[in-house]
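Let me begin by presenting the structure, written as structure tokens, before commenting on it.
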Amino acid sequence: MNQTKQNPLKKLLSIRGMGGALTAFVGLIIIYIVFGIINPTVYSGQNIMNLLRSMSKYLLIGIGQSYVLITGNIDLSIGSMAGMSAMISATMMANGVHPVAAIAVSMASCLVIGVMNGIMVGKFKLPPFIATLGTMFVARGVAYMVNGNRNTEAISSGIGKEAADGFQNFFYYGKTFGVYNTFWIALVLFAVFFFLLSKTRTGRHIYAIGSNVEAAKLSGVNVVATTTKTYLVSAFCACVVGLILCGQANMGNMEAGNMYEMYGVAAGVIGGVSPLGGTGLLLGTLAGSAVWQTLENGLNMIGAQVGIQRLIIGIIVVCAVMLDVVVRSGMFKKKK
Amino acid sequence: MVKKMNETIVLLEHISKSFPGVKALDNVHFELRSGEVMALLGENGAGKSTLMKILSGVYTRDEGNMQIFGKECGNLTPKQAQEMGVAIIHQELNMCRHLSIAENIFLGREKRKGIVLSDQEMENEAKAVLDELKIDLDPRQVVGDLPVSKQQMVEIAKALSFKAKILIMDEPTSALTAKEIDDLFRIIKDLKAKGCGIVYISHRLEELQHIVDRVTIMRDGQYITDMNFKDATMDEIIAYMVGREIKEKFPHVECEKGKKVFEVKNLNAGRLVRDVNFSLYEGEIVGFAGLMGAGRTETTRAIFGIDPKDSGEIILDGKQVVIHKPEDAIQAGIVLAPEDRKKDGLCTKLSIRHNIALPNLDLICNKLGVIRNKKEEEMCQQAVENLKIKTPDVEVLAGNLSGGNQQKVVVGKWLARNSRVVIFDEPTRGIDVAAKVEIYHLMNDLKKRGIAVMFVSSEMPEVMGIADRIIVMCDGRITGELGAKGVTQNEILARATQFEKKIAAKG
Ligand SMILES: Nc1ncnc2c1ncn2[C@@H]1O[C@H](COP(=O)(O)OP(=O)(O)OP(=O)(O)O)[C@@H](O)[C@H]1O
Ligand SMILES: [Mg+2]
């Protein structure tokens with residue numbers, strides 16, 4: 001209405017993908033307020049802390065998946081890589097290996113899967129759905145195999161109570177400046193990947209590939225390398241989430257991270273990342289993962305069962321995409 | 001730096017290249033000199049684009065030598081070719097629609113400070129190139145939001161920004177407006193004076209006289225000849241291209257004007273279709289002339305039920321028909337061969353056969369909805385023959401055909417069924433002289449059979465030559481109707497630029 005007020009908003013909205021991200025933020029605030037009215041403990045400091053911690057996992061998964069989605073591909077192996085990372089690190093630590101070494105080996109294994117995904121999709125042009133479906137099973141298979149098809153013992157039984165506490169505190173239970181470390185980890189990685197995607201050449205190329213691979217290739221963009229980089233980002237994020245799951249449980253669970261790849265898709269899509277490639281902001285993914293966790297948290301607090309929680313989240317994902325589609329086709333019509 | 005003119009800067013010898021089932025290039029010779037515009041001419045599928053893609057590193061050759069600035073070159077990547085000073089504007093648009101103009105122009109060679117992109121710097125440089133081309137666009141605008149002609153100009157700006165010494169333009173003008181073409185020609189002349197060598201591919205032979213110095217002619221993947229443009233008449237050039245003489249470039253048949261077939265009354269659909277009224281009769285072709293963006297395509301889309309209508313009636317053979325979606329139109333007997341073949345006209349990943357069968361499955365299938373292969377086969381063979389689509393067989397993917405042959409498939413799939421009204425939207429864009437004449441003959445056939453033909457085209461000579469009656473549109477309104485006999489370009493142009501007075505209140 002007011003000229004001076006409209007312009008900054010317009011400018012903000014002119015950033016591609018900002019519309020979706022802002023919608024998700026608005027949705028987040030509404031959801032949070034509504035749940036808080038029903039049950040005021042939603043507003044309590046402890047609940048906020050818990051919320052921030054539990055959304056961190058989804059944010060990390062969402063970042064990895066968003067990188068891949070923006071190129072127009074998908075990574076189905078993320079959840080399995082998280083499980084693999086949890087199992088490898090837990091098995092090693094339960095057998096007395098130093099946490100740093102355990103982390104390094106987990107990371108290396110995940111990155112190997114990431115490179116495989118990148119080469120299959122980027123170089124050999126396998127459909128990403130199929131290629132990463134394969135590595136999804138491979139990584140889960142490895143997760144089962146590392147400890148002989150059993151969950152691991154407590155990691156403290158191998159590296160001792162002190163070291164185990166250190167590991168668990170670093171990834172899950174400890175706090176810095178009053179906020180759980182898990183959230184700090186996610187926030188730092190968010191900042192790094194946000195910068196890489198929006199301010200560097202590789203980031204630009206990621207959008208270009210998602211928009212028009214052929215044009216990108218003819219402009220001299222290295223499609224294989226860039227695609228591989230996106231899969232490395234998702235592998236990296238999956239690995240970190242696996243370590244968080246390991247820290248949380250004090251052991252390795254063979255089913256850890258099950259379905260997380262889809263949670264990543266949901267976080268991105270709620271935040272306006274297009275699963276068809278070319279658009280999306282990590283800010284949206286941040287909002288998307290927060291929406292999701294606030295919903296889950298709020299529904300928990302008002303005593304809703306898991307079944308109804310899932311159902312509502314499913315509806316929200318579809319509505320978010322629908323909103324996006326409707327807004328976009330509406331915009332096109334005005335242009336004509 | 002000393003400008004050297006008339007020195008060979010590109011020399012291609014004995015170039016051959018095969019694709020599965022096609023020998024696209026066979027022992028081709030090509031030479032480009034500095035400071036000249038070389039027209040590369042030939043029919044659709046002659047191999048022009050393929051040859052230029054080899055020069056610009058998109059394809060690798062099977063055989064032959066390639067010298068650029070006297071240097072023997074092996075297989076190049078697009079990037080290496082760029083570094084050697086070769087820039088190409090591809091026949092099809094190659095833009096990332098989600099990215100901005102500046103981002104597209106600098107794609108693959110982004111400017112950075114450290115590892116951080118310097119967007120400001122790139123935007124400024126992009127702006128400078130756009131200004132040089134007299135394109136009034138903000139480099140931060142997203143390319144996907146621009147009309148096709150502007151996207152094409154961005155493509156041209158991108159190629160210019162390389163400051164290449166060898167510039168290849170593969171049908172740059174097929175989607176441009178007259179003013180943009182003028183700006184392009186001015187730039188081409190500048191570049192020529194600076195000693196650049198320019199390869200210019202076009203099927204609009206009339207425009208060659210403004211810029212071209214020499215021509216190289218190809219036919220069926222082979223080098224035919226090269227010569228100074230001035231040393232040959234246009235008819236001779238065409239004869240070299242198609243291997244025979246073309247007597248009539250715009251064959252016109254006289255028919256008795258019959259009864260009214262089709263009528264559009266008070267059609268409104270968005271800003272570019274405002275109160276459109278016209279009728280089509282048996283035995284005539286009605287040309288729709290106008291500038292790019294006059295609302296002709298929008299009118300056809302509204303009639304065909306692609307875009308929603310705000311109001312209006314459509315009457316076929318005296319009866320009102322209700323069209324909400326293309327299916328309704330097809331059922332009623334109205335078909336549309338659309339303008340943008342890649343986007344609306346073709347499934348590029350399907351074979352020619354599947355493309356032609358697609359809108360005609362109701363005719364091809366039996367009562368249970370099972371496809372009758374023999375019928376499908378017949379229909380496709382017929383279409384390939386009628387339109388002389390150049391392909392080894394109908395199983396070839398439509399996307400692998402040369403541009404003009406793709407266009408023929410788009411037209412062919414609609415002619416395979418009997419209709420009452422056939423709407424052609426720029427049917428001859430990007431197709432060669434001989435094929436154009438074939439399409440005109442097809443339209444004349446329809447006319448003789450009493451089918452109403454609506455013919456949208458931005459090329460004035462063909463509207464004037466083929467149509468019996470010309471309707472001119474400007475800014476969404478019909479601004480004039482003329483008999484085609486004896487009409488002049490200026491009469492059409494005057495009506496095509498008859499914009500509403502700004503002061504006239506909207507209502
Ligand atoms: N990628 C491809 N795969 C298979 N065949 C191809 C491919 N590209 C081109 N061809 C074939 O090579 C031949 C030459 O095609 P090309 O595109 O060079 O023709 P052109 O002279 O540019 O025609 P137009 O004027 O229609 O653009 C055609 O028969 C075409 O079908
Ligand atoms: Mg071509």
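The table below lists the values:
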item	result
Selected residue (only one of B:118, B:100 is more than 9 Å from chain A (Cβ to nearest Cβ), open to solvent by less than 50 Å² (accessible area, probe 1.4 Å) and more than 30 Å from residue B:11 (Cα to Cα))	B:118
Residue match in segment B:418-428 (condition: more than 16 Å from ligand 1 (Cβ to nearest atom), outside any helix (DSSP H, G or I), farther than 19 Å from residue B:340 by Cα and out of contact with any strand residue (DSSP E or B) (no Cβ under 7 Å at 6 or more places or on another chain))	yes
Every pair of residues 6+ apart whose Cβ atoms lie under 8 Å, when the first sits in segment B:399-423 and is under 22 Å from residue B:467 (Cβ atoms) while the second is within 16 Å of ligand 2 (Cβ to nearest atom) and open to solvent by 20 Å² or more (accessible area, probe 1.4 Å)	B:404/B:43; B:404/B:45; B:407/B:341; B:407/B:429; B:410/B:341
Residue, nearest to the other protein chains (Cβ to nearest Cβ), within segment B:142-159, restricted to residues that are open to solvent by 10 Å² or more (accessible area, probe 1.4 Å) and touching a strand residue (DSSP E or B) at 6+ places or on another chain (Cβ under 6 Å)	B:142
Residue in segment B:160-181 that is away from ligand 1 (no atom under 16 Å from the Cβ), modelled with pLDDT under 90 and open to solvent by less than 10 Å² (accessible area, probe 1.4 Å) present	yes
Segment B:393-451: number of residues that are under 14 Å from residue B:335 (Cβ atoms) and not charged (D, E, K, R)	17
Scope segment B:197-208; condition within 16 Å of ligand 2 (Cβ to nearest atom) and not in a helix (DSSP H, G or I); matching residues	B:199, B:200, B:201, B:202, B:203, B:204
Entirely in segment B:212-325, the strands (runs of 3 or more DSSP E) that have 1 or more residues that are touching a Phe, Trp or Tyr at 6+ places or on another chain (Cβ under 9 Å) and of a type outside the set (A, V, I, L, M)	B:214-219, B:222-228, B:260-268, B:276-281, B:285-290
Residue in segment A:286-296 that is at pLDDT 85 or above and in a loop (DSSP other than H, G, I, E, B) present	no
Evaluation of residue B:39 against (1) away from chain A (no Cβ under 14 Å); (2) open to solvent by 60 Å² or more (accessible area, probe 1.4 Å) (one fails), failing number	(2)
Some residue of segment B:190-213 being over 22 Å from residue B:460 (Cβ atoms), within 16 Å of ligand 1 (Cβ to nearest atom) and small (Gly, Ala, Ser)	no
Flag for residue B:433 being away from ligand 2 (no atom under 16 Å from the Cβ), among the β-branched types (Val, Ile, Thr) and under 20 Å from the mean Cα position of the chain (by Cα)	no
Yes/no for residue B:81 being closer than 27 Å to residue B:430 by Cα, at pLDDT 90 or above and within 16 Å of ligand 2 (Cβ to nearest atom)	no
Filter result (in contact with a helix residue (DSSP H, G or I) (Cβ under 9 Å, 6 or more places away or on another chain) and within 12 Å of chain A (Cβ to nearest Cβ)) within segment B:61-85	B:76, B:78, B:81
All helices (runs of 4 or more DSSP H) inside segment A:121-212 with 1 or more residues being of a type in the set (Phe, Trp, Tyr), touching a helix residue (DSSP H, G or I) at 6+ places or on another chain (Cβ under 9 Å) and within 14 Å of another protein chain (Cβ to nearest Cβ)	A:181-199, A:201-211
Single residue of A:149, A:117 found to be open to solvent by 30 Å² or more (accessible area, probe 1.4 Å), in contact (Cβ under 8 Å) with a residue 24 or more places away in the chain and not aliphatic (A, V, I, L, M)	A:149
So residue B:167, is it away from ligand 2 (no atom under 16 Å from the Cβ), among the aliphatic types (A, V, I, L, M) and free of Cβ contacts under 8 Å to residues at least 40 places away in the same chain	no
Flag for residue B:53 being within 11 Å of chain A (Cβ to nearest Cβ) and within 13 Å of ligand 1 (Cβ to nearest atom)	yes
Identity of the residue in segment A:213-240, among the small types (Gly, Ala, Ser) and out of contact with any Pro (no Cβ under 8 Å at 6 or more places or on another chain), that ends up nearest to the other protein chains (Cβ to nearest Cβ)	A:215
Segment B:258-282, subset within 14 Å of another protein chain (Cβ to nearest Cβ) and touching a strand residue (DSSP E or B) at 6+ places or on another chain (Cβ under 7 Å), residue nearest to residue B:308 (Cα to Cα)	B:268
Filter result for residue A:100 (touching a Ser or Thr at 6+ places or on another chain (Cβ under 8 Å) and hydrophobic (A, V, I, L, M, F, W, C))	no
Residue match in segment B:210-230 (condition: closer than 30 Å to residue B:496 by Cα, surrounded by fewer than 17 Cβ atoms within 10 Å (Cβ to Cβ) and away from chain A (no Cβ under 14 Å))	yes
Exclusive hit being open to solvent by less than 30 Å² (accessible area, probe 1.4 Å), touching a residue at least 24 places away in the same chain (Cβ under 8 Å) and either more than 16 Å from ligand 1 (Cβ to nearest atom) or within 14 Å of another protein chain (Cβ to nearest Cβ) (or both), set B:88, B:105, B:15	B:105
Some residue of segment A:245-254 being within 14 Å of chain B (Cβ to nearest Cβ), assigned to a loop (DSSP other than H, G, I, E, B) and open to solvent by 20 Å² or more (accessible area, probe 1.4 Å)	no
Matching residues, segment B:385-407, being assigned to a loop (DSSP other than H, G, I, E, B) and near ligand 1 (Cβ under 8 Å from one of its atoms)	B:390, B:391, B:396, B:401, B:402
Residue under evaluation residue B:446, criteria (1) closer than 24 Å to residue B:23 by Cβ; (2) surrounded by fewer than 20 Cβ atoms within 10 Å (Cβ to Cβ); (3) of a type in the set (A, V, I, L, M), criterion not met	(1)
Hey, residue B:58 within 24 Å of residue B:401 (Cβ to Cβ), open to solvent by 10 Å² or more (accessible area, probe 1.4 Å), in contact (Cβ under 8 Å) with a residue 12 or more places away in the chain and within 14 Å of chain A (Cβ to nearest Cβ) or not	yes
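The values are calculated or read from the model by the stated rules, or taken from the named source; none is laboratory data. If you're wondering where the values come from, they're calculated on a predicted model, not measured in any experiment. Using ideal geometry, Cβ is built from the backbone for each residue, glycine included, and neighbour counts are taken over all protein chains shown. The area values use the complete protein model at the heavy-atom level, side chains included, leaving out ligands, DNA and RNA. Shrake-Rupley method; radii C 1.70, N 1.55, O 1.52, S 1.80 Å.
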